[in-house]
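For reference, the structure discussed in these notes is given below.
Values in this text are rule-based calculations from the coordinates and carry no lab data. A quick note: this is a predicted structure, and the numbers were derived from the prediction, not measured. In this analysis, Cβ positions are derived from the backbone assuming ideal geometry, glycine residues included, and neighbour counts consider all displayed protein chains.
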Number of protein chains: 2
Amino acid sequence: MKYAPPVHVTGLKCEICGTTYKHGNIFTCPSCGDEGILDVQYDYESISAALAKDPLKNRAQNIWRYSELLPVSADIARPHLFVGWTPVYDIPRLAEAFGIRQFFLKDEGRNPTNSFKDRASSVGVLKGIEFGFNQIACASTGNAASSLAGLSAATGLKSYIFVPERAPEPKVTQLLIFGATVLRVLGTYEQAFDLCKAACEKYGWYNRNSGSNPFLVEGKKTAGLEIAEQLSGNMPDWVVVSVGDGCTIGGIGKGLQEMYELGIIDRVPRLLGVQAEGARPMVDAFISGKDLIPSDTNTLADSIAVGTPRNWRRALRQIKLSGGEMIAVSDEEILDAMRTTARLGAVFGEPAGVTGTAGLKKAVEKGIIKKNESALCIITGNGLKDIQSAKQAVGKALDVKPTLEGLVDVMSKT
Amino acid sequence: MKYAPPVHVTGLKCEICGTTYKHGNIFTCPSCGDEGILDVQYDYESISAALAKDPLKNRAQNIWRYSELLPVSADIARPHLFVGWTPVYDIPRLAEAFGIRQFFLKDEGRNPTNSFKDRASSVGVLKGIEFGFNQIACASTGNAASSLAGLSAATGLKSYIFVPERAPEPKVTQLLIFGATVLRVLGTYEQAFDLCKAACEKYGWYNRNSGSNPFLVEGKKTAGLEIAEQLSGNMPDWVVVSVGDGCTIGGIGKGLQEMYELGIIDRVPRLLGVQAEGARPMVDAFISGKDLIPSDTNTLADSIAVGTPRNWRRALRQIKLSGGEMIAVSDEEILDAMRTTARLGAVFGEPAGVTGTAGLKKAVEKGIIKKNESALCIITGNGLKDIQSAKQAVGKALDVKPTLEGLVDVMSKT
């Protein structure tokens, strides 16, 4: 395929050794190995000139409005699915409940496959096409998998998804409906992950692995770019999001920094990264200031149950750069946030989706976030994806005999 | 509550006898009884003047951009949830698959609680508030219930939802998470429906029953208004949607007619209403030209499994006014449409959500829709709402031993 590479990308820089490589189909740094995640570098002066000529406000409301800030060649056709530009709500009742000045919520469950991951998969499938692949693969049971299956369907790529043996059937159904070939690996998630990598090498499939693919996090960045644009006149003091492998918060931080760099916002909000108590290696590394130590995981927030986060360096760098903080919350606090977010904010998030909100509440209680401050929480995924967990957050229906007397009897006891 | 009633509403007109009543908290026509559904009447001249002063294109992208065309007082605060302005996709691969000139898809699963019903519930909760109610109720297990629970949470109304004994637990969970009181009536859906009506009278709750409440269908109308605006330069020949109680297609038809009336489109597309073979009383009434005869229901498309459609008169009137048609499809055809829509269109719809697409395919085969015509299908709800049905549409994951040899073995057989 003959094409012009993304014009504003200047290279790919290793997070560890700082070496910069030319744009191309590479994953991690050849010198630093698997941990040498590469960060896409841009020429912000030329981007600034391009945006001055064709202002953002005139553009379509999806992630491709940020084409100059994305590492995808202009020659590659964009998928028809509208990803991004998810709503930001100002919700006074939640500000009051949490005891802060102003509360914003950004609902990422409104993306095409109902999670934040559509941002990353959009870039992933286009990079696959740009590099000449017809097939793409990943190992996941969750939002990465369903978004890859959906975006592959949108672009005509064939997708192969490796899932561990214990993958719940509803999640597998979502993949199959989009036409993905689902390979159920009779073993653990780690075995599925390794087999996916080996299969990509053997069969020549493109690997959508957001922990090592340098381009996917650029898709995630668009949430930060959007927040800057959607709230440019009223930047919140804090942006709060759940943390698993670190790509999401790292990407959002990068997006906010870029909008500051481009003069679209005049200050960068502080990032609050929230992990579950049962999977908090990044919180511990943040506190200790030392290298991350992998941990076991035990939390119902499966989308952030990551014991060995691949992108911890970038995440911690962005959090520190913003003057941010990290905090961990219990599963009970997550279930409580699920109820509060749905009942006062009218948004039903999955457990990892509302973990940020749980962290916000705790951060206010601990005095990290002050009463006169404002915050935006990102709800990363729709609660319909994990009804089983939601069940733990709620009571039961009331059984009523089919007569008015029966109803009066039940109502008198509520 | 002191307020100014909706200024452009001139009255409520009975679908049967044509009598027009003053705007107010009434349901069906006092003379014609339960079947005398009322249709909201507007002063289109004054609306036209208002739109000339403040053009639609400058307004927020949600249903409240159409405030003058909605029967809600301007004094009632709009909920923070963004409902409507769902994406319309132009999908050449589906046009080719169905053998028509151009295929558009409007994805209603992108609404806040993931279905078309959010449009109706938005208007329902505000009318409840406008009429001074603090509580609102409905009988449903499906999208009407979850959207009422979500919109009630957004506006601070207390919601009571009556569900039949057999209501599946995942659907009940969605209601509980939004803080609804769920009353599980130990009996059939009809008993739940009747008890809800009696309870509204006894306890003074507002009744969100789209079959008799005259205002809810006005919310549904916004999908027609949007299609007109989103495709004004390229109106499709057909608009295709699934049909249950008739409110949805009746509302969409009204919205399209209004945009024609206001000069925003120069012709009204023909409506194709699609029912499941197992619940086709409206198709039969359309063919016979006689009054509707209630039927039993037997289809997996539960959202349109309606044996006694309440709004059949309005639906048939709008379909005929547009020069439209009706058609019925089998459950097998619905499952096939679910696969096709997801694999070529990258949109995962629930069974009733893709019933329109199944009908489009059949209508082309039967020569009702011609090869040189264009069509827009409305996907009314997200497939995540009914994973059990989706399972019937797909095959299985492939079991693989966690070794490359194991994978090569499986791949050689695919």
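The charge dipole of the stretch A:134-204, taken about its Cα centre with unit charges on the Cβ of Lys, Arg, Asp and Glu (plus for the first two, minus for the last two), comes to roughly 120 debye. Among A:Lys391, A:Lys362, B:Lys202, B:Lys57, a tally of other beta-carbon atoms within 10 Å of each Cβ gives an order, fewest to most, of B:Lys57, B:Lys202, A:Lys391, A:Lys362. Any of A:Lys57/A:Lys366; A:Lys396/B:Lys202; A:Lys413/B:Lys127; A:Lys254/B:Lys385; A:Lys171/B:Lys171; A:Lys57/A:Lys371 with alpha carbons more than 27 Å apart? Name them for me. Result: A:Lys57/A:Lys366; A:Lys413/B:Lys127; A:Lys254/B:Lys385; A:Lys57/A:Lys371 exceed 27 Å. Rounded to the nearest 5, the antiparallel percentage of DSSP beta bridges internal to chain B is 30%.
I'd like the distance separating the alpha-carbon centroids of the stretch A:308-342 and the stretch B:62-87, in whole Å. After rounding, the separation between the Cα centres reads 34 Å. Local charge for A:Thr173 was computed over the other residues whose Cβ lies under 13 Å away, with Lys and Arg +1 and Asp and Glu -1, and equals +4. Hey, how many Å between the Cα centroid of the stretch B:372-397 and the Cα centroid of the stretch B:234-277? Cα centroid of the stretch B:372-397 versus Cα centroid of the stretch B:234-277: 21 Å apart.
Put in order of Cβ neighbour count within 10 Å, fewest first, the listed residues B:Lys366, B:Lys106, B:Lys320 become B:Lys366, B:Lys320, B:Lys106. With a 10 Å cut-off around each Cβ of B:385-396, the average count of Cβ atoms from other chains is 4. Averaged over the residues of B:335-346, the number of partner chain Cβ atoms lying within 10 Å of the residue Cβ comes to 4.
With only Lys, Arg, Asp and Glu charged, each at its Cβ (+1 for the first two, -1 for the last two), find how big the charge dipole of the stretch A:232-291 is about the Cα centre; round to the nearest 20 debye.
With only Lys, Arg, Asp and Glu charged at Cβ, the dipole is about 60 debye.
Given R₀ = 60 Å, FRET efficiency for B:Ala4-A:Ala74 by Cβ-Cβ distance, to 0.05?
Result of the calculation: an efficiency of 0.70.
If the elastic network links every pair of Cα atoms under 10 Å, which of A:Glu68, A:Glu169, A:Glu333 fluctuates the most in the Gaussian network model of chain A? Among A:Glu68, A:Glu169, A:Glu333, the largest GNM mean-square fluctuation belongs to A:Glu169. For chain A, modelled as a GNM whose springs connect Cα atoms under 10 angstrom apart, the maximal fluctuation among A:Ser374, A:Ser48, A:Ser152 occurs at A:Ser48. Shielding by partners for peptide B:183-194, expressed as the average number of C-beta atoms from other protein chains within 10 Å of each residue's C-beta, is 4.
Within the listed set A:Cys32, A:Cys196, A:Cys138, the residue fluctuating most in the Gaussian network model of chain A (springs between alpha-carbon atoms under 10 angstrom) is A:Cys32. Can you grab the distance from the C-alpha centre of the stretch A:147-194 to the C-alpha centre of the stretch B:123-150, Å, no decimals? Computed from Cα coordinates, the inter-centre distance equals 38 Å.
Rounded to the nearest 500, what is the 222 nm mean residue ellipticity of chain B from helices alone, with -39500 (n - 2.57) per DSSP H run of 4+ residues and division by all residues?
Here the helix-only value at 222 nm equals -12000 deg cm²/dmol.
Dipole check for the protein assembly as shown: with +1 at the C-beta of Lys and Arg, -1 at the C-beta of Asp and Glu, and the Cα centre as origin, the magnitude is about 580 Debye. Oblate is the label for the stretch B:134-204, because a/c, from the alpha-carbon gyration tensor with a ≥ b ≥ c as root eigenvalues, is 1.5 or above and a/b does not exceed b/c. Based on Cα contacts under 8 Å between residues 6+ apart, chain B shows a relative contact order of 15 percent. Dipole of the stretch B:134-204 (Lys/Arg Cβ +1, Asp/Glu Cβ -1, origin at the Cα centre): which of B:Gly142, B:Tyr203, B:Thr155 lies farthest to the positive side? Toward the positive end, the furthest listed residue is B:Thr155. Summarising the label geometry, the points placed 7 Å from Cα in the beta-carbon direction at A:Ile264 and B:Thr308 lie 5.5 nm from one another. Between the residues A:Gln102, A:Ile129, A:Thr357, the greatest Cα displacement towards the positive end of the dipole of chain A, with unit charges on the Cβ of Lys, Arg, Asp and Glu, is found for A:Ile129.
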